[in-house]
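Colleague: Dumping the structure here so I can ask a few things about it.
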Amino acid sequence: MPELPEVETTRLGIEPWVENSSIQSVLVRNPKLRWPVSIPDTVCGQRVLAVRRRAKYLLLDLHSGSLIVHLGMSGSLRILQSNIAVGPHDHLDVIFSDNLVLRYNDPRRFGSWHYHEGDISEHWLLRDLGVEPLSEDFNGEYLHRKSRAKLQAIKSFIMDAKTVVGIGNIYAAEALFLSGIRPTVRSSRLSLASYLTLARSIKFLLARAIEIGGTTLRDFTRPSGEPGYFQQTLNVYGRDGKSCKKCGAMLKRIILSQRSTVYCAKCQGERSPDTVDFY
């Protein structure tokens, strides 16, 4: 599933082409996504005022409301000329007056498109979301405070969108490795010092992933059609049974909260997170 860096990479890719452009029409070829697609005709003729991101959702702000897009497991957006042939999983086009098309492709159809008028933060998909991990509100003190009564393992805690948004399996595993924290540790048992290190690791990894275009593991490609390159720097995710890049020990794989979790038993848990080096 695309995580925050992949969604932000998509936003940055489409923004120069979409912002300030007027919508001519919306063509829905297959409305059967995660939820049925229903976009009113009133969006036609409206100009896109801004392209924003909230958590893993892309927001296209119009005069009267906003389009809310989630890429699901395999969704992607491309900017194309209107005469480009339609592919088998191209379910929706937003057609602009300059003959450019924002085309949504989704082989698994787990993504979603909604339209909302009024305060976008009150939409049912967005109203209960936690803080943005790259914002000033997200830091070690925040995580430490939120975790005090939690029984969740630390990996599950930072993947909970009510705690912090946009951190999925890839970046949770990588941030915990970088912080020297074992994924199974109960979140309420971690010290403030550990959380300060973990918050820095999360910010560092997300910013770096955005800088180099996200992670391509199965389905994600950038709006240009090129892959993301962050997977070349992964330390633990998807590397079970291989040697740890730092210490050489064999990486272990467990199932935690129904998700595959890979970690290094030597690097994660046997030394203080305060001594972790960023690299």
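Derivation of every value follows stated rules applied to the coordinates shown; laboratory data play no part. Here the structure is a predicted model, which means the values were calculated and not measured. Every residue, glycine among them, receives a Cβ derived from its backbone with ideal geometry; neighbour counts consider all protein chains shown.
Colleague: Given only helices, namely DSSP H runs of n ≥ 4 each adding -39500 (n - 2.57), what is the per-residue ellipticity at 222 nm of the chain, to the nearest 500 deg cm²/dmol? Before the final figure, lay out each step's value.
Modeller: Details: 5 runs with 60 residues, N = 279.
Result for the chain: -6500 deg cm²/dmol, rounded to the nearest 500.
Colleague: I'd like the GluC sites (Glu not before Pro) in the stretch 71-137 restricted to DSSP loop residues with at most 14 other Cβ atoms within 10 Å, sorted by number. Intermediate values should be presented prior to the final figure.
Modeller: On the way: sites: Glu117, Glu122, Glu136; in loops: Glu117, Glu136.
The qualifying sites are Glu117, Glu136.
Colleague: Kindly provide the trypsin sites (Lys or Arg not before Pro) of the stretch 144-190 that DSSP labels as loop, not H, G, I, E or B, and whose Cβ sees at most 14 other Cβ atoms within 10 Å. If you can, show how the numbers build up before the last one.
Modeller: Numbers: sites: Arg145, Lys146, Arg148, Lys150, Lys155, Lys162, Arg186, Arg189; in loops: Arg148, Lys150, Lys162.
Sparse-neighbourhood loop trypsin sites (Lys or Arg not before Pro): Arg148, Lys162.
Colleague: Angle between the Cα long axis of helix 169-179 and the longest principal axis of the chain, 0 to 90 degrees, nearest 10?
Modeller: Between helix and principal axis, roughly 40 degrees.
Colleague: If we count every other residue with Cβ under 13 angstrom of Leu33's Cβ, Lys/Arg +1 and Asp/Glu -1, where does the sum land? Don't jump to the answer; show the numbers that get you there.
Modeller: On the way: positive: Arg29, Lys32, Arg34, Arg108, Arg109; negative: Asp90, Asp106.
Within the 13 Å Cβ shell, the charges total +3.
Colleague: In nm, to one decimal, how far is the Met250 label point from the Leu12 one, both placed 7 Å along Cα→Cβ?
Modeller: Result for the modelled spin labels: 3.9 nm.
Colleague: Also, I was wondering about something else. Using the crude model of +1 on Lys and Arg Cβ and -1 on Asp and Glu Cβ, and no other charge, please compute the dipole size for the chain relative to its Cα centre, in debye to 20. Kindly include the intermediate steps, with their values, before the conclusion.
Modeller: Values: 37 positive and 28 negative charges, 306 e Å.
It works out to roughly 1460 debye.
Colleague: Take the alpha carbon atoms of the chain, find their radius of gyration, then divide it by 2.2 N^0.38 Å using N residues; give the quotient. Walk me through the intermediate numbers first.
Modeller: Numbers: Rg = 20.0 Å, N = 279, 2.2 N^0.38 = 18.7 Å.
Compactness ratio reported: 1.07.
Colleague: Another question, if that's okay. From the C-alpha gyration tensor of the stretch 4-122, pull out the three semi-axes of the equivalent ellipsoid (sqrt of 5λ each), sorted largest to smallest, in whole Å.
Modeller: Numbers: eigenvalues 66, 59, 43 Å².
Sorted largest first and rounded, they come to 18, 17, 15 Å.
Colleague: Select from Cys267, Thr233, Asn139 the residue farthest towards the positive end of the dipole of the chain; place +1 on Cβ of Lys and Arg, -1 on Cβ of Asp and Glu, and compute about the Cα centre.
Modeller: Positive-most Cα among the choices belongs to Cys267.
Colleague: By average Cβ neighbour count within 10 Å, what is the ranking of 10-22, 90-102 from highest down?
Modeller: Numbers: 10-22: 17.4, 90-102: 19.1.
Taking the mean over residues of other Cβ atoms within 10 Å, the ranking is 90-102, 10-22.
Colleague: Could you work out the relative contact order of the stretch 4-122? I mean the mean sequence separation of Cα pairs under 8 Å and 6+ apart, divided by the number of residues, in percent. Walk me through the numbers on the way to the answer.
Modeller: On the way: 258 pairs, mean separation 36.4, N = 119.
Here the relative contact order equals 31 percent.
Colleague: Still on this structure, please answer the following. Roughly how many debye, to the nearest 20, is the charge dipole of the stretch 94-180 about its Cα centre, given +1 on each Lys and Arg Cβ, -1 on each Asp and Glu Cβ, and no other charges?
Modeller: Value, rounded to 20: 520 debye.
Colleague: Just to confirm the filter: which chymotrypsin sites (Phe, Trp or Tyr not before Pro) across the stretch 103-209 are DSSP coil and have at most 10 other Cβ within 10 angstrom of their Cβ?
Modeller: Working: sites: Tyr104, Phe110, Trp113, Tyr115, Trp124, Phe138, Tyr142, Phe157, Tyr171, Phe177, Tyr195, Phe204; in loops: Phe110, Trp124, Phe138.
Loop-located and lightly packed - Trp124.
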